[in-house]
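For reference, the structure is listed below as structure tokens.
Coordinate-derived values only; no laboratory data. Bear in mind the structure is a predicted one, so any value in this text is a computation, not a measurement. So basically every Cβ, Gly included, is an ideal-geometry build from the backbone, and we count neighbours across all protein chains shown.
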Amino acid sequence: MALNKQEIGRALIELRLSGMAATLDTRVLQAQASQQPFMETFCMLLQDEQDLRRSRLTERRFKHCGLDERLSLTDFDWHFNPKVPRQACFELHTLKFIAEGINGLLIGKPGTGKSHIAKALAYQATLQGYGVRYVEADSVFAHYCLASPAEQTKLLKGMLEADLLVLDDLFLARRISDGAAELLQTVVHRRYKLRRSIVVTSNRIVEDWGKYLGDHTMSTTILDRLMHRSALLAFEGKSYRLKEAVKRLTSAAAT
Ligand SMILES: Nc1ncnc2c1ncn2[C@@H]1O[C@H](COP(=O)(O)OP(=O)(O)OP(=O)(O)O)[C@@H](O)[C@H]1O
Ligand SMILES: [Mg+2]
């Protein structure tokens, strides 16, 4: 028995083919207007379904990864701080480092764009189908130390299982608690064994990390594993935040 268009639409929804259902009217009109062969129309409908599924999957990955914004390298002003290692940033942006289990350490002066680049890498990785976990280091450490054992297991699992972990603004508050240092050690050790990449951003020079971790042996083992198989990118220059603040002040003074 032939179905009419509404009934076909309902059947598609029932079969959870909402991408096809959404474009059915348009594709039928298009086929009638151009006397398109059936197979061509059918291929287009299939493509519509696939497109919708892919974009939903990407959206879900983005929602779960912990990023609060979708940054890219195109919104980055490379002229502002010419010493920012542009080639190395683009190289990381190819995401080859994830497949190779290499870490990215983005270290340098405040406001020079380390977090921006790290977020852009994380976002690009979600678009490319990788499982990503982005965390602000201090807040995840604080959260972990106060969490119940069940919550701690869940947090740790998320940080271990992702293809890419971004630890943003590490040591922002300088000294970290013993519990936080242990978490960092576990995460770095386990991911190192699994050859899973970590991107760390910090405005504290690596030589000082031992001071913030408090325990020399622990800091050596963490650093050792982070630095072995890693790309170290130094960010030098002036703060973009200050530039923005000056711009705001100037425009406020002018009004
Ligand atoms: N060259 C740039 N072009 C465009 N925006 C930039 C640039 N550098 C930094 N920004 C913007 O300035 C703000 C601060 O940059 P970001 O947070 O990346 O700095 P950071 O190096 O991580 O600083 P901190 O060490 O204090 O964490 C962000 O909103 C970021 O998007
Ligand atoms: Mg930062």
(request) Select from L12, L127, L194 the residue whose mean-square fluctuation is largest in a Gaussian network model of the chain (Cα-Cα springs shorter than 10 Å). (result) L12
(request) Enter the angle in degrees (range 0 to 90, nearest 10) between the Cα long axis of helix 137-146 and the first principal axis of the Cα atoms of the chain, meaning the one along which they spread out most. (result) 90
(message) Can you tell me, using C-alpha contacts under 8 Å and at least 6 residues apart, the relative contact order of the chain as a whole percent?
(response) 24
(request) Using only Cα atoms, find the angle between the long axis of helix 216-227 and the longest principal axis of the chain, and express it within 0 to 90 degrees, rounded to the nearest 10. (result) 40
(request) Return the single residue from S34, S55, S148 with maximal mean-square fluctuation; model: Gaussian network over the chain, springs between Cα atoms under 10 Å. (result) S34
(request) Calculate the dipole size of the chain relative to its Cα centre from +1 charges on Lys and Arg beta carbons and -1 charges on Asp and Glu beta carbons; express the result in debye to the nearest 20. (result) 320
(request) Would you mind checking which residues have amide H under 5 Å from L67's amide H? H placed 1.01 Å from N; only 5 or more apart, or other chain. (result) Y134
(message) Compute the orientation-averaged projected area for the chain from the convex hull of its Cα atoms and round it to one decimal in nm².
(response) 21.5
(request) Could you tell me how many degrees, from 0 to 90 and to the nearest 10, lie between the Cα long axis of helix 149-161 and the main elongation axis, the longest principal axis, of the Cα atoms of the chain? (result) 80
